[in-house]
Amino acid sequence: MEGKPSVDEVYKRFASDQNPYVLIEGIKDFLAHVKSLIGIDYTKSTYDEYSFIEKQIEAFLKYSKRDSEFPVKEVDRKFLLDLEHYFKTVMKYKDQTVHKAMQRFRTVIGYFLKQEIIDKNPFALYTLPKYEKQIIHLTESEFQ
């Protein structure tokens with residue numbers, strides 16, 4: 001593959017402070033990784049769920065007047081709290097939807113940690129929003 005940079009060169013370029021690794025591009029890299037593993041470690045529906053995170057984060061960055069070139073290294077606890085607040089107030093997500101969206105974003109952040117793109121886990125001091133599962137038991141007549 002002549003003319004293409006090596007993985008190490010790409011990592012060094014994005015890891016440098018001069019050209020920080022951009023959150024949206026990082027999510028796209030994560031999605032490409034997941035897509036390559038469909039049928040092995042992931043299903044198509046899981047990929048689709050993770051794809052939605054990209055759209056959610058793009059909308060949040062625009063809403064919060066953050067730069068679309070927002071660096072991954074600047075994702076911190078405040079960013080996560082703002083994102084959760086955005087999901088609840090602007091998007092009007094119910095607690096379970098907020099919880100799942102934040103869980104999926106946490107998986108993306110975990111990918112960045114494993115790839116050594118970031119060295120601090122912003123989720124370390126963040127608690128996922130809790131939600132109570134409402135369990136409705138079927139009556140005997142409904143069961144039949």
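If the condition is being of a type in the set (A, V, I, L, M, F, W, C), in a helix (DSSP H, G or I) and at pLDDT below 90, then region 1-54 contributes V7, V10, F14, A15. Give me the pairs: first residue in region 92-112 and in contact (Cβ under 8 Å) with a residue 40 or more places away in the chain, second residue in a loop (DSSP other than H, G, I, E, B), beta-carbon distance under 6 Å, and six or more apart or on different chains, which are they? Pairs found: F112/I118. Considering region 81-111, the residues that are part of a helix (DSSP H, G or I) and among the hydroxyl-bearing types (S, T, Y) include one that is modelled with the lowest pLDDT, namely T97.
Right, F112: aromatic (F, W, Y), within 15 Å of Q56 (Cα to Cα) and crowded, with 19+ Cβ neighbours inside 10 Å or not? Criteria not met by F112. Of all residues in region 66-115, those satisfying the criterion of being among the hydroxyl-bearing types (S, T, Y) and under 14 Å from the mean Cα position of the chain (by Cα) are T97, T107, Y111.
The values are calculated or read from the model by the stated rules, or taken from the named source; none is laboratory data. Computed from a prediction, not measured in an experiment: that's the story for all the values here. Glycine also receives a Cβ, built like all others from the backbone with ideal geometry; neighbour counts cover every protein chain displayed.
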